[in-house]
Amino acid sequence: MLGALATLLVYQLIGEVLVLALALPLPGPVVGMLLLFVSLWAKGAIPEKLRDTANGLLQHLSLLFVPAGVGVMVHFARLSGEWLPLVVAVLASTALAIAAAALTMRLLMRQGASREGEAR
Amino acid sequence: MSPRIADIWVYLAATPLLGLTITLLAYLGAYRIYERSGFTPLLNPVALAIIALVAALSATGTAYQTYFDGAQFVHFLLGPATVALAVPLYAQLRRMRQLLVPLAGALAAGSVTAIASAIGIAWLLGVSESSLLSLAPKSVTAPIAMGIAEKIGGVPSLTAVLVVATGVSGAVMAKYVLDALGIRDHGVRGFAVGIASHGIGTARAFQVSEQAGAFAGLGMGLNGVLTAILMPLMLALWRWL
């Protein structure tokens, strides 16, 4: 587990350094994720310990957002005037984005499937 | 007796131990309630934990910064957890290669809809410009969204809050929206949730199935990149309109 955790941190560190050195418009951890993905691809398999550690960390991914969310208390003053429109915008926009992505994907999958059917 | 308690409080307030411990306890308690309810999306554990913590901090008059000194150790793990997303992503590689065109189309549609509808609705409802700019990147994971907000003139710490609100609302609503549209494929469901509501939506997707979780992780990662690129263009378009 310790080795796998070190692996994740090393990839994050490489990601952060690359972002700073090359002035990339992305956060370091995302670059680290892409690099680890490429490494796994090159290796052709996922080491068992890495899989276990990654799954353990991702199982409680939502816990990691709690500290940032508690930051809402710093913005109470601003939110007291605008909370309703902001809540409406967040809820409606999130539902619309889910629907747009899912409907587009289903449509394109069906088109792909029917094209494959014609080719046969 | 009471001075002793005050001394203990002063000591605890000065170490990171308290902030870290109450974060874990609040989340464990919230998760227990979520579990007992049969994982109903309405009792989202992130939302419950945040409400409990804000109430506790307000009741004791504790500043957010004091709390965050301890909670930052949890916050820090967002980095390695983002890197760890490569593992489920690689596990779904074969299926994703077969779905290249549907994934690209869904990503573009979801990303543009998330940005355009957030700006449009907030503008129609008369939200102030700095709040609107803080809201625009709400659908992508916290570190990316805060970076974008800073660049376009939003308030990064307000963006972090709106990002969490978006994640929670996606995790809560996704099941109902997708059921209403008759979408059953776990790959499609997960990908849509990841695009619209990043890590919190992805966490919810992982609780449903590994396939949904992996596709959600992919959607979250790709939308983070695409939103960073699209945002300046969409804002220019909005200003021109």
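Quick note: the coordinates plus some simple rules give every number you see, no bench work behind them. Fair warning: this is a prediction, and the values are worked out from it, not measured in the lab. With ideal geometry, Cβ positions are generated from the backbone for all residues, glycine too; neighbour counts draw on all protein chains shown.
So here's what we get for this one:
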{"read-out": "Where a residue in the stretch B:171-192 is within 22 Å of B:Leu43 (Cα to Cα) and its partner, wherever it lies, is surrounded by fewer than 18 Cβ atoms within 10 Å (Cβ to Cβ), with Cβ under 8 Å and at least six apart", "value": "B:Val172/B:Leu42; B:Met173/A:Leu91; B:His186/B:Ser209; B:Gly190/B:Ser209"}
{"read-out": "Hey, B:Ala180 buried (at least 24 other Cβ atoms within 10 Å of the Cβ) and either over 24 Å from B:Ala91 (Cα atoms) or within 8 Å of chain A (Cβ to nearest Cβ) (or both) or not", "value": "no"}
{"read-out": "The one condition in (1) in contact with a helix residue (DSSP H, G or I) (Cβ under 9 Å, 6 or more places away or on another chain); (2) surrounded by fewer than 18 Cβ atoms within 10 Å (Cβ to Cβ); (3) part of a helix (DSSP H, G or I) that B:Val46 fails to fulfil", "value": "(2)"}
{"read-out": "The stretch B:183-203: number of residues that are in contact with a Lys or Arg (Cβ under 9 Å, 6 or more places away or on another chain) and more than 18 Å from A:Ala68 (Cα to Cα)", "value": "6"}
{"read-out": "Test: residue in the stretch B:192-205 that is in contact with a helix residue (DSSP H, G or I) (Cβ under 9 Å, 6 or more places away or on another chain), at the interface with chain A (Cβ under 8 Å from one of its Cβ atoms), assigned to a helix (DSSP H, G or I) and surrounded by fewer than 24 Cβ atoms within 10 Å (Cβ to Cβ)", "value": "no"}
{"read-out": "Condition check for A:Met109: at the interface with chain B (Cβ under 7 Å from one of its Cβ atoms), touching a helix residue (DSSP H, G or I) at 6+ places or on another chain (Cβ under 8 Å), within 28 Å of B:Ala56 (Cα to Cα) and buried (at least 17 other Cβ atoms within 10 Å of the Cβ)", "value": "no"}
{"read-out": "Any hit, the stretch A:69-89, residues being buried (at least 24 other Cβ atoms within 10 Å of the Cβ), at the interface with chain B (Cβ under 7 Å from one of its Cβ atoms) and closer than 19 Å to B:Ala216 by Cα", "value": "no"}
{"read-out": "Some residue of the stretch A:54-64 being among the polar types (S, T, N, Q), more than 7 Å from every other protein chain (Cβ to nearest Cβ) and in contact with a helix residue (DSSP H, G or I) (Cβ under 8 Å, 6 or more places away or on another chain)", "value": "yes"}
